[in-house]
């Protein structure tokens, strides 16, 4: 039986999805912002566009009688028209490109997925396309398309219906007045459509994000494997820990060779101390261990002539209270000083 995807995606799975270009994104939101910004641009440039259009029409009509259509003149006319159109379209196209990039960055941030550029044969598969068409997502897209058509029709109908009397009466006041009134109606209609479309696009983005999270959901087995890869295989971690412990133990046993004294329990515990007055403010535990490790510490101490002192109570306190590499606490100064004094007397040293 297939496991249910009911666990949220891990950060690693989300990062991998982003790397592959799979991010929540609504094309409807991008289109809505493009549409609204285009309306804004045309509104801001309306006087310039109208003036340039009237200037071009006046020039064309005044020069029509003196213009002969030859191949050279036709090419010159095409260049002239292209230049004029380019000057009008260039700032609009640049602004629209900036809006498109900003809309995508706003939805999913910067994502560079080269894998998306590779051709995919699945796109050309008619069976896969047919399945997508009749899938849940295809059904949602179809509903949204129908809803958009209803919205556009309703907004257009009620807007024009409220202005129909003004449109008919404006025909009595000349062409410019009629065009101005019709422009206002068209602008109002475009703004309403753009705002309704933007609201719809926001809902579409919310749905796309929900769908994205749903597709990234994981089964318990996937989650376990993902966390294992994210945090490291417990077996590998255990092996690394054992290697680290082995190296630390070897380094610790090597330090016993230069210790000043080994204090024992006498069989269960062994703690090696070293004290260099010119370098240390207090004696330091350089090695400690129980049972087999304690036995190994004693063997190394005997081999290298390190004194072994039997003091069960002090050995237990040192083992419990002090880690390897740490100085002994103040409360043990007196007891350790007595042991070191004894050891120094054995070695013929008097300083402590």
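Would you check if there is a residue in the stretch 117-136 being exposed (fewer than 13 other Cβ atoms within 10 Å of the Cβ) and at pLDDT 80 or above?
No: zero hits.
Taking residue 220, is it assigned by TED's automatic domain parsing to the domain that holds residue 311 and modelled with pLDDT under 85?
no
Test residue 149 against the stated conditions and say whether it is exposed (fewer than 12 other Cβ atoms within 10 Å of the Cβ), assigned by TED's automatic domain parsing to the domain that holds residue 192, closer than 17 Å to residue 28 by Cβ and modelled with pLDDT of 65 or more.
yes
Filter the stretch 314-332 down to the residues that are in a helix (DSSP H, G or I) and touching a helix residue (DSSP H, G or I) at 6+ places or on another chain (Cβ under 8 Å) and list them by number. Before the answer, list the steps.
Within the stretch 314-332, the first condition is being in a helix (DSSP H, G or I), and the residues that meet it are 314-321, 330-332.
Residues satisfying the conditions are 314, 317, 318, 321, 332.
Kindly check whether there is at least one residue in the stretch 231-252 that is within 22 Å of residue 347 (Cα to Cα) and touching a strand residue (DSSP E or B) at 6+ places or on another chain (Cβ under 6 Å).
If we filter the stretch 231-252 for residues that are within 22 Å of residue 347 (Cα to Cα), which is where we start, we get none.
There is no residue in the stretch 231-252 that is within 22 Å of residue 347 (Cα to Cα) and touching a strand residue (DSSP E or B) at 6+ places or on another chain (Cβ under 6 Å).
Do any residues in the stretch 64-86 that are assigned by TED's automatic domain parsing to the domain that holds residue 50 and more than 21 Å from residue 51 (Cβ to Cβ) have Cβ atoms under 7 Å from those of residues that are part of a helix (DSSP H, G or I) and at pLDDT 75 or above, where the two are at least six apart or on different chains, and which pairs are they?
none
Within the stretch 36-47, can one find any residue that is surrounded by 12 or more Cβ atoms within 10 Å (Cβ to Cβ), at pLDDT below 75 and not in a helix (DSSP H, G or I)?
yes
The values are calculated or read from the model by the stated rules, or taken from the named source; none is laboratory data. Predicted, not measured: the structure shown is a model, and the values here were computed from it. Note: ideal-geometry Cβ built from the backbone for every residue, glycine included; neighbour counts use all protein chains shown.
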